[in-house]
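Engineer: I have a structure I would like to understand better, so I am pasting it below and will then ask my questions one at a time.
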Amino acid sequence: MNILSIINKFFDRRILFLSFLLMSAFFMAYPSLKTLHYSTNHSEYYSHIVLIPFVSIYLLYQKRKSILSKINYSFTAGLPLIIIGCLLYFTGLSMKDQLSQNDFTSIIALSSVVFISGAFILIYGTQAFKSALFPFLFLIFIIPIPSSLLDGIIHFLQVGSTEVTNMLLMATDVPFLRDGFVFYLPGQSVEVAQQCSGIRSSIALFITAVLAGHLFLKSWWKKVILVACIFPIAMFKNGIRIASLTLLGVYIDPRILQSSLHRDGGIPFFVLALVLMAPILYFLRKSEGKKKG
């Protein structure tokens, strides 16, 4: 009797995988809670993180038949990933004092994704993992974006949003002067700061586009087009928000620029972005139907 026969006899695959999940959750708990606490009280960039595992679980459940149609233990492919996941975890711990809370959690979360992926491959095999590839790749969104990359994305969105705002203000014939990210209007000046870049809603839009592309599109390049469209859409809806609040502040009530409408009124504009994304998704999907016919 070989080792695989012994494992199959005494252990259930679901219990084994659940054990690995609980182990990963235990080691991830503290840094994850710290990051969620940080994001709630500061940037709120990662409020979506708590939803990602549930989406992945649902996607796995959807494909459970194809995933479980061909399963086998794969130590040669799974064990190295488990080891890499452990090494990443302890590397993160050793560098904790040298990293920001965001970057520390990035490493810890990455180690968890690698560890869980390795555990799945070890217990269910590479064929099952291929069928479950997207749900596991989707787990990447639990990993906070490293600070240096996040700063670059914010600056990119800030620049784009400023240009859209500039074009919209020009279209309204409102007298203004522009100096970089600052717009000078009658009796008021407005700066498109980093906080106005729309990074939070842009991350949510990006994740929504990735998920929608997976669910409704088949061609990989059309999925790429859908995701790529998110950036101009995010800048456009953000420019509309900034221009609208600016005009309301100048011509209706200056207090609007300091009100909760300015700080927390992004939901209608997020819905606008989804409305703008919908026809793109529709035509991409429709083109696939025509090709098939």
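Engineer: Enumerate the whole-percent occupancy of each 10 Å bin, from 0 to the last occupied one, for all C-alpha pair distances of the stretch 119-243.
Structural biologist: Pair shares across the bins are 11, 32, 27, 16, 8, 4, 1.
Engineer: For LEU68 and ALA278, what does the FRET efficiency come to when R0 = 25 Å and r is the distance between their Cβ atoms, rounded to the nearest 0.05?
Structural biologist: Approximately 0.15, to the nearest 0.05.
Engineer: Which of the listed residues, PHE115, ALA132, GLN62, is farthest toward the dipole's positive end in the stretch 61-142, when Lys, Arg count +1 and Asp, Glu count -1 at the beta-carbon?
Structural biologist: GLN62
Engineer: With only Lys, Arg, Asp and Glu charged, each at its Cβ (+1 for the first two, -1 for the last two), find how big the charge dipole of the chain is about the Cα centre; round to the nearest 20 debye.
Structural biologist: For this selection, approximately 1700 debye.
Engineer: Could you give the angle, 0 to 90 degrees to the nearest 10, between helix 52-62's Cα long axis and the longest principal axis of the Cα atoms of the chain?
Structural biologist: The two axes meet at around 50 degrees.
Engineer: Is the C-alpha gyration tensor of the stretch 49-90 telling us rounded, prolate or oblate? Criteria: a/c under 1.5 is rounded; beyond that, a/b larger than b/c is prolate, otherwise oblate.
Structural biologist: oblate
Engineer: Report the net charge of residues surrounding PHE176, where surrounding means a beta-carbon distance below 15 angstrom and charges are Lys +1, Arg +1, Asp -1, Glu -1.
Structural biologist: Counting the neighbours of PHE176, the net charge comes to -3.
Engineer: Which of the pairs LYS63/LYS218; LYS70/LYS218; LYS218/LYS286; LYS237/LYS286; LYS63/LYS222; LYS63/LYS130 have their Cα atoms more than 18 Å apart in this structure?
Structural biologist: Pairs exceeding 18 Å: LYS70/LYS218; LYS237/LYS286; LYS63/LYS222.
Engineer: To continue, here is another question. Would you indicate which of (i) 68, 44, 39; (ii) 85, 59, 25; (iii) 50, 41, 41 is the value of Cα extents along the principal axes in Å derived from the coordinates of this structure?
Structural biologist: Checking each listed value against the structure points to (ii).
Engineer: Of the accessible area of the chain, with the probe set at 1.4 angstrom, what percent is carbon plus sulfur?
Structural biologist: Percent of accessible area from carbon and sulfur atoms in the chain: 69.
Engineer: Does anything in the stretch 225-252 have its amide N under 15 Å from the 7 Å Cα→Cβ label point of VAL271, and if so which residues?
Structural biologist: So the set is empty, nothing qualifies.
Engineer: Same structure again: Between HIS155 and GLN195, what is the FRET efficiency for a Förster distance of 22 Å, r being their Cβ-Cβ separation, to the nearest 0.05?
Structural biologist: 0.95
Engineer: Tell me which residues come under 5 Å, amide H to amide H, from ILE145 once H is placed; ignore anything under 5 positions away on its chain.
Structural biologist: none
Engineer: Among PHE90, GLY213, ILE52, pick out the residue whose Cα is farthest towards the positive end of the charge dipole of the chain, where Lys and Arg carry +1 and Asp and Glu carry -1 on C-beta, about the Cα centre.
Structural biologist: GLY213
Engineer: First measure r as the distance between the Cβ atoms of CYS86 and ALA228, then evaluate 1/(1 + (r/R0)^6) with R0 = 45 Å and state the FRET efficiency to the nearest 0.05.
Structural biologist: FRET efficiency, CYS86 to ALA228: 0.80.
Engineer: How tilted is helix 101-124 with respect to the longest principal axis of the chain? Cα atoms for both, answer in degrees (0 to 90, nearest 10).
Structural biologist: 40
Engineer: Compute the distance in nm between two label points, each set 7 Å from the Cα along the Cα-to-Cβ direction, one at ALA25 and one at LYS218.
Structural biologist: Label at ALA25, label at LYS218, 3.7 nm between them.
Engineer: Also, I was wondering about something else. Would you mind classifying the stretch 97-164 by shape? Square roots of the alpha carbon gyration tensor eigenvalues, ordered a ≥ b ≥ c; an a/c under 1.5 is rounded, otherwise it is prolate if a/b is larger than b/c and oblate if not.
Structural biologist: Taking the square roots of the gyration eigenvalues as a ≥ b ≥ c, the stretch 97-164 is oblate.
The values are calculated or read from the model by the stated rules, or taken from the named source; none is laboratory data. Note that the coordinates shown come from a computational prediction; the quantities given were computed from them, not determined experimentally. For neighbour counting, all protein chains shown are included, and Cβ atoms are generated from backbone atoms with ideal geometry for every residue, glycine included. The accessibility values were calculated without ligands, DNA or RNA, using every heavy atom of the protein model including side chains. Shrake-Rupley method; radii C 1.70, N 1.55, O 1.52, S 1.80 Å.
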